[in-house]
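The values are calculated or read from the model by the stated rules, or taken from the named source; none is laboratory data. Keep in mind the model is a prediction, meaning the values are calculated, not measured. When we count neighbours, we look across all protein chains shown, and the Cβ atoms used for this are built from the backbone with ideal geometry, even at glycine. The accessibility values were calculated without ligands, DNA or RNA, using every heavy atom of the protein model including side chains. Shrake-Rupley method; radii C 1.70, N 1.55, O 1.52, S 1.80 Å.
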Amino acid sequence: APVVRTAPPRRTQGLVGLPHWFWVTNWRTLTDRAQAGSSWIEIVARPQSMVIDPGGGQPTVRCSGPGNPYDPARSAESQRPECSYTFARSSFGLPERVFRARVTVVWGGTWTGSGGAGGQLPPLSRSVTFPIRVVEAQGLYG
């Protein structure tokens, strides 16, 4: 399953109208090999994309990579998310007052066998779901 981090961090509140960053920390190619006697098969799986379903019936976002981490040591103005979602409304009226966000990583892969055979594997998806609380704030300009 994908290991997903967010900014603002989970268990804190995001704000309507500001980007909510998403990134996957375990985005890497995986290889496995099995052998029985002199026969073997090797499988290579690569993450292809990340899909964010923010919950609450809102549209999904597809990202071609793992996203980039938010760095709290840098100014917010100097950073841009590679994969984010901007909530247009708060989660106040939803059950438990949270969006149930689901992040899915879509994998592609190949296989090779000891006899020279090989090919493409069908896409495979793995998901994780977690709550995101989004609130509204009003600012006064003087």
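When the strands (runs of 3 or more DSSP E) confined to region 13-72 are screened for residues that are closer than 20 Å to VAL134 by Cα, those reaching at least 1 such residues are found at 13-15, 19-24, 39-53, 61-63. Checked against (1) closer than 19 Å to LEU30 by Cβ; (2) in contact with a strand residue (DSSP E or B) (Cβ under 7 Å, 6 or more places away or on another chain), CYS83 passes all but a single condition, namely (1). Scan region 9-24 residue by residue and report those that are surrounded by fewer than 17 Cβ atoms within 10 Å (Cβ to Cβ) and either without any contact (Cβ under 8 Å) to a residue 40 or more places away in the chain or among the hydrophobic types (A, V, I, L, M, F, W, C) (or both). Correct list: PRO9, ARG11, LEU15, VAL16, LEU18. Restricting region 97-142 to residues that are at pLDDT 95 or above and not in a strand (DSSP E or B), the residue that is most open to solvent (accessible area, probe 1.4 Å) is ARG97. For the structure I just gave you, tell me whether SER84 is on the phi < 0 side of the Ramachandran plot, loosely packed, with under 13 Cβ neighbours inside 10 Å, at pLDDT 95 or above and not aliphatic (A, V, I, L, M). In short, no. The set of residues in region 39-81 being surrounded by fewer than 18 Cβ atoms within 10 Å (Cβ to Cβ), in contact (Cβ under 8 Å) with a residue 40 or more places away in the chain, within 20 Å of ARG10 (Cα to Cα) and touching a Pro at 6+ places or on another chain (Cβ under 8 Å) consists of ASN68 alone.
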